[in-house]
Structures are given as C-alpha cells and as structure tokens.
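Colleague: Okay, handing you the structure first.
The values are calculated or read from the model by the stated rules, or taken from the named source; none is laboratory data. Not measured: the values here are computed from a predicted model. Every residue, glycine as well, gets a Cβ built from its backbone with ideal geometry; the counts of neighbours run over all protein chains shown. These accessible areas exclude ligands, DNA and RNA; they are computed on the full protein's heavy atoms, side chains included. Shrake-Rupley method; radii C 1.70, N 1.55, O 1.52, S 1.80 Å.
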Amino acid sequence: MKEAVFEFQFVTPALLAGADQQTAEMRIPSIRGVLRWWARTLYSVEWENNCFGSVRGGSPTSSAVILRLERANQRVLKSQNALSIGGDKYDYFLWPLQTNPRGVLDVGSRFKVSCRVKPGREEDADGIDNIIKAFLLFGSLGTRSRRAYGSIWPQKAVFDGEEWQIPRTTEELVSEADQWFSENGSLIQLSDPVRDWKAAVKVCADCLKRLRCGKDQYASRWGKSDHDAGIGRGEVIYRAALGLPLIQRYSKNGPVVTYSVRGMDRLASPLHFKVIKLQDGFLPILLIIAKDVPDKGTIVIGKNNRGGSVALKLDHDLLNNIYNCNKDFCDFCPGARQLSKWETD
C-alpha cells in the first residue's frame, strides 16, 4: 500500500483531550499512538519501529508513513461528568469521572485521515493496510477506550484508489478479523445487537461488573475470592489479570487495598470492550488480547491505607474462562458467544 484515505466516526462518546483536559481535542499523535499499538499486536515491536520510527537502540529511524488529519466534523463538549456522558452518574465504566469531568467528543463526530508511505520505504510499511483496518473495526480512542468509550466505526476507506467494503454483519466482521489476527486473541459477542449505544455500553459494563463483584447477589466465585483475599482470607487473586492497578474498597469506613506487581506501575487490561455499529444495530463485543498478561503464579502485592499488606499469587482462571467463553463466564454474561479465537501455532 502506498496511500490510504479513511474516515471514521465515534459511536460512543470519546474522552479525548490535549493539554487542556476540560476541552476535547482530536490530534494525529493520538491516532498514531493507537496505530502503533495495533502494529505491535498484529506484527511485532520491530515492525512497529520500522514503520512508525524509533529513537531506541542508539540508531534513530524516521517514520515510513505520513499521517494527516484532512477534515473534521465534530461536536466538542466541555467539562462533562459521568451523568452528562452516559446518563448515569454511577456508570460502572465512567466511575473516575464522577468527580473529575473531562472534555468529550460527542457521538457522531467524524474525522477524515490520510496515510501516505514515503517513497523508498514501502517495505518498512508492508502490511499497514491491515493495521488501519484493525483500528477502524476494533479501535477506540481516549480515556476508558478499553471500556467501550471512544469506540469508532469506519464510514469509508480507500486503499491505493480501491474502496474497502466495510463489514455490515457479524459474519463479515469475523471474516475480516480472521485475515489478520493469528495469535493470543478471542472475539466474543456479548449479546445480540441492541437499539442504541447506551444499551450496548450497559451490556458491556454489566458483564464486567458481575464478573468482578465479590459481595452482593451477583457475586462471582472469582470476585468473592478476591474480596476475601484482600483481608487475609485467601492466597490467590484473579482480577489482577484483567488490569492493574486494582483498587478494592471494602466499605465507607473500611480499608482500601491497592494491588500491583513489583516492577510494574500498571498493566493495561487485556479486555477490550467495544461497541460496533452494524446494519441491524449496535453490537457489544469483547476483544481479548492476552499476550502481555503476567504469568500464572506472579506475586501480586496488596497494600492497604492502614499500613498493612498481603502477598497473593496471580491465577488465570477468571481470564481463561472469559477468553474461552466457558459456561462459568456465560452464567454471568448469558448472551455471550464466541465468534472467533486465534492461537499461536
């Protein structure tokens, strides 16, 4: 591929800002950063650096591609909180915004981007069309982008003068993904398509909340075990495989326990909740990319705000049940079914 021009729109609100966190802003570095992530995911770090440039290793390389924002048709909302964005101040995915409003790009905001490969650098960018397609179909932008917000969907894409046929059905979506995913991935449909984006986000949030819950009538065995382990009643922890740091609050006046792995400030969640707009409605999906999850048995340290700590072993049982869409997982997400799974040969 030498040149691509693609246009996408947000199907869920995007918490995307620059220096002023109260005002939403779309910038090419945001898109480039997500494309780099997809390059590492589908190919390798070496491929990413060859295509997008690197300053590592003492031998800097320039980017083989030029990205430009060609046109924007956007609605910028200032200082929105969880209630304003999702309609519920207790939105499970937007809990950080209950007291920390952010600038928002509203649903329907559209952007047109061009990507041109520099002359003589075609080999370094060989396969970038797959990276762009993965971004357009499964990508999101901004804060809470792995939690269904900032979900994008392509409106049009042209690669070297030929228009790409954007998937319209679940079957066409899976057919596209199977062409470029090859390892450590699972694609799960969480329910049939629903009427609007808010209903789709709620399906995603309810699924994760029930899996992680450790106290009420919806408590999962993994959530209950983690809840008890944080106060010295267990030896393993499951939810840390879904992202760190993990904060456990026990009650209004009880301890607050923060979990982390030594040497790692944070671990991005391998669970990518996404809303996809197909011809028959809004499809809530879960894409799992589990290649960077710490090994089973890794020691996770939980420190509470009262000076105590606990060392627990990481167990992959919860992650594996989600990844394989097992019955135990479907008990908490009854509409879920696995669309595809990719494993290392």
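Colleague: Select from the range 229-243 the residues that are in a loop (DSSP other than H, G, I, E, B) and among the basic types (Lys, Arg) and list them in ascending order.
Modeller: Result: ARG233, single match.
Colleague: Which residues, taken from the range 56-79, are open to solvent by 80 Å² or more (accessible area, probe 1.4 Å), in contact (Cβ under 8 Å) with a residue 24 or more places away in the chain and either touching a helix residue (DSSP H, G or I) at 6+ places or on another chain (Cβ under 6 Å) or outside any strand (DSSP E or B) (or both)?
Modeller: GLN74, ARG75
Colleague: Among the residues of the range 143-161, are any modelled with pLDDT under 95 and under 30 Å from THR23 (Cβ atoms)?
Modeller: yes
Colleague: Further, regarding this structure: Looking at the structure I just gave you, is LYS215 in contact with a helix residue (DSSP H, G or I) (Cβ under 7 Å, 6 or more places away or on another chain), in contact (Cβ under 8 Å) with a residue 12 or more places away in the chain and among the basic types (Lys, Arg)?
Modeller: yes
Colleague: If I filter the range 280-321 down to residues being open to solvent by less than 20 Å² (accessible area, probe 1.4 Å), of a type outside the set (A, V, I, L, M) and touching a helix residue (DSSP H, G or I) at 6+ places or on another chain (Cβ under 7 Å), which single residue comes out as farthest from LEU137 (Cα to Cα)?
Modeller: Per the stated criteria, the residue is ASN321.
Colleague: Return yes or no: is ALA39 touching a Phe, Trp or Tyr at 6+ places or on another chain (Cβ under 7 Å), among the small types (Gly, Ala, Ser) and in a helix (DSSP H, G or I)?
Modeller: It is true that ALA39 is touching a Phe, Trp or Tyr at 6+ places or on another chain (Cβ under 7 Å), among the small types (Gly, Ala, Ser) and in a helix (DSSP H, G or I).
Colleague: Identify all residues within the range 139-153 that are outside any loop (DSSP other than H, G, I, E, B), more than 15 Å from TRP164 (Cβ to Cβ) and open to solvent by 10 Å² or more (accessible area, probe 1.4 Å); write none if there are none.
Modeller: SER140, THR143, ARG147
Colleague: Please go through the range 325-345 and pick out each residue that is out of contact with any helix residue (DSSP H, G or I) (no Cβ under 6 Å at 6 or more places or on another chain) and open to solvent by less than 50 Å² (accessible area, probe 1.4 Å).
Modeller: If the condition is that a residue be out of contact with any helix residue (DSSP H, G or I) (no Cβ under 6 Å at 6 or more places or on another chain) and open to solvent by less than 50 Å² (accessible area, probe 1.4 Å), then CYS325, CYS330, GLY335, TRP342 are the ones that fit.
Colleague: Select, from LYS2, LYS89, the only residue that is among the charged types (D, E, K, R), on the phi < 0 side of the Ramachandran plot, free of Cβ contacts under 8 Å to residues at least 12 places away in the same chain and out of contact with any Ser or Thr (no Cβ under 9 Å at 6 or more places or on another chain).
Modeller: LYS89
Colleague: A further question on this structure: Would you point out the residue of the range 80-125, among those that are in a loop (DSSP other than H, G, I, E, B), of a type in the set (Lys, Arg) and at pLDDT 95 or above, that is surrounded by the fewest Cβ atoms within 10 Å (Cβ to Cβ)?
Modeller: Across the range 80-125, the extreme among qualifying residues is LYS118.
Colleague: If you don't mind, another one. Of the residues in the range 228-267, how many are surrounded by fewer than 13 Cβ atoms within 10 Å (Cβ to Cβ) and either modelled with pLDDT of 90 or more or among the polar types (S, T, N, Q) (or both)?
Modeller: Summing the residues that are surrounded by fewer than 13 Cβ atoms within 10 Å (Cβ to Cβ) and either modelled with pLDDT of 90 or more or among the polar types (S, T, N, Q) (or both) in the range 228-267 gives 3.
Colleague: Let me ask another. Within the range 334-345, which residues are over 13 Å from GLY185 (Cα atoms) and assigned to a loop (DSSP other than H, G, I, E, B)?
Modeller: Passing the criteria: PRO334, GLY335, ALA336.
Colleague: Which of the residues that make up the range 1-36 are closer than 22 Å to LYS274 by Cβ and in a strand (DSSP E or B)?
Modeller: Those that are closer than 22 Å to LYS274 by Cβ and in a strand (DSSP E or B): ALA4, PHE6, GLU7, PHE8, GLN9, PHE10, ALA14, LEU15, ALA17, ALA24.
Colleague: When the range 302-333 is examined, which residues are found to be of a type in the set (A, V, I, L, M, F, W, C) and either part of a loop (DSSP other than H, G, I, E, B) or touching a residue at least 12 places away in the same chain (Cβ under 8 Å) (or both)?
Modeller: Of everything in the range 302-333, those that are of a type in the set (A, V, I, L, M, F, W, C) and either part of a loop (DSSP other than H, G, I, E, B) or touching a residue at least 12 places away in the same chain (Cβ under 8 Å) (or both) turn out to be VAL310, ALA311, LEU312, LEU314, LEU318, LEU319, ILE322, CYS325, PHE329, PHE332, CYS333.
Colleague: LYS112: within 21 Å of the chain's Cα centre (by Cα) and of a type outside the set (Gly, Ala, Ser), yes or no?
Modeller: For LYS112, the condition - within 21 Å of the chain's Cα centre (by Cα) and of a type outside the set (Gly, Ala, Ser) - is not met.
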